[in-house]
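Q: This is the structure I have questions about; it appears just below.
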There are 2 protein chains.
Amino acid sequence: MAADPSGLRARKKEQTRIALSWATIRLAVERGLANVRVEDIAAEVGVSPRTFNNYFASKGEAIADRELQRFRQFAAALRERPADEPLWPAITAAVLDRYALTGETDGGSVEEVDETARRRWVEGVRLMIAEPAVQRDLAAAYAAAEEQLAVAVAARTGTDVDRDMFPRLVAGAVGVALGTARQQWMRDQSVPIADLIVDALAQVAGGLPTP
Amino acid sequence: MAADPSGLRARKKEQTRIALSWATIRLAVERGLANVRVEDIAAEVGVSPRTFNNYFASKGEAIADRELQRFRQFAAALRERPADEPLWPAITAAVLDRYALTGETDGGSVEEVDETARRRWVEGVRLMIAEPAVQRDLAAAYAAAEEQLAVAVAARTGTDVDRDMFPRLVAGAVGVALGTARQQWMRDQSVPIADLIVDALAQVAGGLPTP
DNA sequence: AGGAAAAGTTGCGCGACACGCAAACTCCTG
DNA sequence: CAGGAGTTTGCGTGTCGCGCAACTTTTCCT
């Protein structure tokens, strides 16, 4: 479904999925989620309102989808790391590879935007994230993604997803680390997010020692 | 709001809140969430449908509320642990105190229920939890509760919730541990949940070493 | 104690949403 | 190029979520 380049068809589908997701985010950031109707999003993408619900069950889900995809890509990246690499270095590398370096900040073109616009955007995102509905779906998306990550971890460590808590604990811990890093970054963008991620992962991997 | 025995009023309020929550859970477990309307829940508790939404914004939120309260109680318990106790032992003790020992299994009376009924209940819960809507609100509830826990951890370790990632990482890790333990227990009830919790917390506190 | 104020509940109503269903349309396969 | 699987779309419907404005109950102040 996600990485399925089978037909030209699936590509188109994935394209509208992404378009819908971005449109939702953009509008929500600009006007606030409450002032965005499904109708608007559909119009923005040039598709029927009914179709929106074919892809997403709610606006929140559409918003969370980008984050979900990133997390999934990262899980996939982990799977393709050399098998003999120790777990935590592999995770860190995979995260930095697929998660932090993508320079996607906006709906399409990246480029340099003037500073005030960037601030406005970040603030908008902060407000959007604060929205209860978004929190819900975002959290759920993380949970779903962690499932996949847990499988990857299990494969790598020779543990069993159904019997051992280990893979799920690792997946969950990674999710927490990434989420916390993101949160921290939104609060203060003076430190690069990659550094925060590395730091958070290190703390988790180190057993959260009291500083 | 939660632990506010100020007036006789708040008590009553908390009572209906709990009643609504349990009623929602019970009905959802029995018939499946989709077959429970707000109207039914309200009727069960003897209150107006409109009132349900005064307490909860959705059925999912009502369901998640019990778990949220437990988590909050646990955060409170942590706050009252001796300040010189090391972090992780304090957390473990607080969890076992407030989280695992409450013998609440059903809407009210505990007692011994016959085995098949218990299994039916657990299975019902499993299905309920699997419901996307419930997953959403449950995850959100955890996130909210972790916020409080983070504050407690910060106070105990002399860190700052706004500047250090540490307290949030710890809170998140604890949440993951509890969630994973609960999940594991639902899959196989042969191991007491308290043991699973202790195990999960120990793994997290130990830096998730590959077994 | 008594009455005003604060807090909670209820009924009404509306805008929006989630989703089933079936028809129209599009792309793939042989 | 024709059959069929996969998608989009319009329509209809059952619920929601919540604002608003009475109405009732508790609390507080003098």
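Quick note: the coordinates plus some simple rules give every number you see, no bench work behind them. What you are looking at is a predicted structure, and each value in this text was computed from that prediction instead of being measured. Here the Cβ is made from the backbone with ideal geometry for all residues, glycine too, and neighbour counts use every protein chain on show.
Q: Give me the net charge for the shell around B:F52: Cβ to Cβ below 9 angstrom, other residues only, Lys and Arg +1, Asp and Glu -1.
A: Computed value for this residue: +1.
Q: How large is the translational diffusion coefficient of segment B:60-205 in µm² per second when you combine the Kirkwood radius over alpha carbon pairs with Stokes-Einstein at 20 °C and 1.002 mPa s?
A: Reported coefficient: 133 µm²/s.
Q: With angles folded into 0 to 90 degrees, how steeply does helix B:166-187 sit against the dominant principal axis of chain B? Use alpha carbons for both and round to 10.
A: Here the helix axis deviates by roughly 50 degrees.
Q: I need to check one value: relative contact order of chain B, counting alpha carbon pairs closer than 8 Å and at least 6 residues apart, in percent.
A: 19
Q: Using θ = phi - 60° and the Karplus curve 6.51 cos²θ - 1.76 cosθ + 1.60, what whole-Hz ³J(HN,Hα) does each residue of segment A:199-207 get, with Gly and Pro shown as x?
A: Those phi angles translate into 4, 4, 4, 5, 4, 4, 5, x, x Hz.
Q: Share of Cα-Cα pairs in the protein assembly as shown beyond 38 Å, in percent?
A: 23
Q: With axes computed from alpha carbons, what is the tilt in degrees of helix B:8-31 against the longest principal axis of chain B, rounded to the nearest 10 within 0 to 90?
A: Here the helix axis deviates by roughly 80 degrees.
Q: Let me ask you something else. I want the local charge near A:A181. Using Cβ-Cβ distances under 10 Å, sum +1 for each Lys or Arg and -1 for each Asp or Glu among the other residues.
A: Around A:A181, the surrounding residues sum to 0.
Q: Further question on the same structure: Rounded to the nearest 0.05, what FRET efficiency is calculated for A:A43 and A:D160 with R0 set to 56 Å and r the Cβ-Cβ distance?
A: After rounding, the FRET efficiency stands at 0.70.
Q: For A:K13, go through the lysines and keep the ones whose alpha-carbon is under 25 Å away, minus same-chain ones fewer than eight residues off.
A: The qualifying lysines are A:K59.
Q: Of B:D199, A:D162, how do they rank once you tally other Cβ atoms within 10 Å and put the fewest first?
A: By the 10 Å Cβ count, ascending, the order reads A:D162, B:D199.
Q: Another question, then. If you fit an axis through the alpha-carbon atoms of helix B:115-130 and take the longest principal axis of the Cα set of chain B, what angle between them do you get, 0 to 90°, nearest 10?
A: 80
Q: Which whole-angstrom value gives the distance between the alpha carbon centres of segment B:134-177 and segment B:30-73?
A: What the calculation gives is 25 Å, centre to centre.
Q: Once the label point is set 7 Å along the Cα-to-beta-carbon vector, what list of distances in nm do you get between A:A34 and its counterparts in the other copies?
A: Spelled out, the distances from A:A34's label point are 3.2 nm.
Q: Taking 0.36 nm per residue of separation and subtracting the Cα-Cα distance, what length does fully extending B:I193 through B:N53 add?
A: Fully extending the segment from B:I193 to B:N53 adds 47.1 nm.
Q: From the label point of B:T51, set 7 Å from Cα along Cα→Cβ, how far away are the matching label points in the other copies, in nm, ordered shortest to longest?
A: 4.7
Q: Pick out which of A:R26, A:R11, A:R126 has the largest mean-square fluctuation in a Gaussian network model of chain A, springs linking Cα atoms closer than 10 Å.
A: Fluctuation is largest for A:R11.
Q: So which aspartates and glutamates pass the test for B:K12, namely a Cα distance under 16 Å, with those fewer than 8 places away in the same chain ruled out?
A: Cross-link targets: B:D4.
Q: What is the local net charge at A:R81, summed over the other residues whose Cβ is closer than 13 Å to its Cβ (Lys, Arg +1; Asp, Glu -1)?
A: Value of the local net charge: -1.
Q: Compute the label-point distances linking A:R126 to its equivalents in the other copies; points lie 7 Å from Cα along Cα→Cβ; give nm, one decimal, shortest first.
A: For A:R126, the inter-copy label distances come out at 4.4 nm.
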